[in-house]
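Take a look at the structure below.
The values are calculated or read from the model by the stated rules, or taken from the named source; none is laboratory data. Source: prediction; values computed, not measured. FYI the Cβ positions are ideal-geometry reconstructions off the backbone, even for glycines, and counts take in every protein chain you see. Only protein heavy atoms, including side chains, enter the accessible area calculation; ligands, DNA and RNA are left aside. Shrake-Rupley method; radii C 1.70, N 1.55, O 1.52, S 1.80 Å.
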Amino acid sequence: MRGYRMILEKRLLQVAVAIAAAVPVATGLYGVLRGPGFLNVAEPWPVDLDSHFRFYSGIFLAIGVGWYSCIPAIETKGRLFRMLAVFTFVGGLARLWSLFATGMPSTGHMAGLCMELVGVPLLVVWQSRIARIMRAA
């Protein structure tokens, strides 16, 4: 029975990561394609803003793809998992700084902030647990 529960918990973690990674992949791709228009702002916007926004959208997309690369054999991907978590967490800290510096963002950005600063660290703890259990088995 213990083996079945280990596999089930591993699968649940993989599903959670797949769902969570869909957000940076989808929003990153959308930001690359639409530029600042993604935020429903009126054109024209400065060319440098467009370039900067699309660059960071591309990084967001790449981080999402990186999360997806952790799903197969997730118990062995601890280093990459933690590295992606640090990137995501630091982005969340920057978003938190923006909240204090400029005010409350939209609901979607607040959800992102919660995922970046709370959800991702919890996923790291969960991945570490799965790795430890699988090594002991």
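Cβ separations smaller than 7 Å between residues 6+ apart or across chains give the following pairs from segment 114-126 residues that are within 18 Å of ALA18 (Cβ to Cβ) and acidic (Asp, Glu) to residues that are open to solvent by 40 Å² or more (accessible area, probe 1.4 Å) and modelled with pLDDT of 95 or more: GLU116/PHE89; GLU116/ARG95. Applying the set (1) touching a Ser or Thr at 6+ places or on another chain (Cβ under 9 Å); (2) part of a loop (DSSP other than H, G, I, E, B) to GLU43 leaves exactly one unmet item: (1).
Go through segment 112-129 and give me each residue that's open to solvent by 60 Å² or more (accessible area, probe 1.4 Å) and of a type in the set (A, V, I, L, M). Of everything in segment 112-129, those that are open to solvent by 60 Å² or more (accessible area, probe 1.4 Å) and of a type in the set (A, V, I, L, M) turn out to be MET115, VAL118, LEU122, VAL125. If you go through segment 11-33 and keep only what is of a type in the set (A, V, I, L, M, F, W, C) and either without any contact (Cβ under 8 Å) to a residue 60 or more places away in the chain or in contact with a strand residue (DSSP E or B) (Cβ under 6 Å, 6 or more places away or on another chain) (or both), you end up with LEU12, VAL15, ALA18, ILE19, ALA21, ALA22, VAL25, ALA26, LEU29, VAL32, LEU33.
When the residues of segment 95-111 are filtered to those that are in a helix (DSSP H, G or I) and more than 18 Å from VAL23 (Cα to Cα), the one that is least open to solvent (accessible area, probe 1.4 Å) is LEU99.
Where residues in segment 73-83 are open to solvent by 80 Å² or more (accessible area, probe 1.4 Å) and either touching a helix residue (DSSP H, G or I) at 6+ places or on another chain (Cβ under 9 Å) or hydroxyl-bearing (Ser, Thr, Tyr) (or both), which of them is farthest from ARG129 (Cα to Cα)? Can you show your working first?
Restricting attention to segment 73-83, the residues satisfying the condition of being open to solvent by 80 Å² or more (accessible area, probe 1.4 Å) are 76, 79, 82-83.
Adding the requirement that they be either touching a helix residue (DSSP H, G or I) at 6+ places or on another chain (Cβ under 9 Å) or hydroxyl-bearing (Ser, Thr, Tyr) (or both) leaves 76, 82-83.
Details: THR76: 11, ARG82: 13, MET83: 17 Å.
Selected residue: MET83.
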